[in-house]
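Below: the structure, in structure tokens.
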Amino acid sequence: MVGQLVLRREKGRFRLEERELGPLTVLRAVVHEPEGLARWRLQRRIRRAERALVRAGAGRVILDAGFPYGGRLALLRPVDVIPLRRECADVFALGALKAQGITPERGRVALSGPRLCPELMGAAERLCRQVRGLLIDAPGGADYARYLQAEFGLPVNPPVAGADVTAAFGPEGGRWGRSVELYEGGTLNGLVLCLKEEKLPPDCEEQVLALLWERGGVKRERLYAHFVGVQPS
């Protein structure tokens with residue numbers, strides 16, 4: 001069972017209720033925080049909600065966008081979306097190209113990271129079949145680039161050639177064009193991961209996708225990255 005914590009800035013009684021988040025069933029706990037509520041009372045309400053969800057069998061929890069107290073949780077583990085982002089680096093790169101009006105066959109993508117992790121290499125091999133060129137900015141990247149060129153026949157660009165977008169697996173390394181930061185504390189720069197032909201709650205869409213992905217309930221072909229921010233001037 002997966003829990004969900006929702007904050008209501010109004011008076012109300014604590015309750016648990018089953019809810020459908022797309023294809024996912026969760027047990028939702030509502031925490032009420034009316035104006036003037038003492039901090040110790042709020043903390044007690046959060047603990048009460050955690051205990052109720054744990055007793056119901058929840059181990060992880062989806063946090064509503066309006067729930068700013070995830071760092072205070074002691075019993076439940078918030079859903080981690082970083083593994084999903086890293087596994088979908090190629091989806092984000094293609095979404096970043098589209099946001100700039102660049103088709104994949106005309107676009108150049110940089111993959112940057114502190115090492116040649118499996119997620120970076122997987123993204124590179126999938127993008128090889130779709131984009132005009134790749135730039136691999138990671139230790140051992142030159143050797144891996146030669147392998148990609150021999151295996152797929154795609155030009156792998158040196159850093160001086162630049163790229164239209166960068167998918168970064170860590171804060172180190174270069175950035176070319178629009179960047180998508182796929183690590184803890186990184187920014188997606190206006191891109192949102194979405195599911196084709198199915199509407200998910202916008203307040204927790206990525207967390208629901210992360211759980212469905214873990215369970216094998218979502219295939220890569222059904223995912224796309226949509227730009228919802230403001231284009232840079």
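The numbers here are math on the coordinates, done by the rules we state, and not lab data. Quick caveat, the model's predicted, so the values are computed rather than measured. Heads up, the Cβs are rebuilt from the backbone with ideal geometry, glycines too, and the neighbour counts pull from every protein chain shown.
A few comments on the model shown:
- Size descriptors for the chain (Cα atoms only): Rg and Dmax, in that order, 20.7, 66 Å.
- Angle between the chain longest axis and helix 89-99 axis [Cα atoms, degrees, rounded to 10]: 80 degrees
- The label-point distance for residue 51 and residue 82, in a model that sets each label 7 Å from Cα toward Cβ, rounds to 3.1 nm.
- Cβ crowding within 10 Å ranks 61, 31, 91 as 31, 91, 61, fewest other Cβ atoms first.
- When only alpha carbons are used to place a centre, region 143-189 and region 96-127 end up 6 Å from one another.
- Of 134, 180, 81, farthest towards positive along the dipole that unit charges on Lys, Arg, Asp, Glu beta carbons give the chain: 81
- DSSP bridge orientation in the chain - percent antiparallel, rounded to nearest 5: 30 percent
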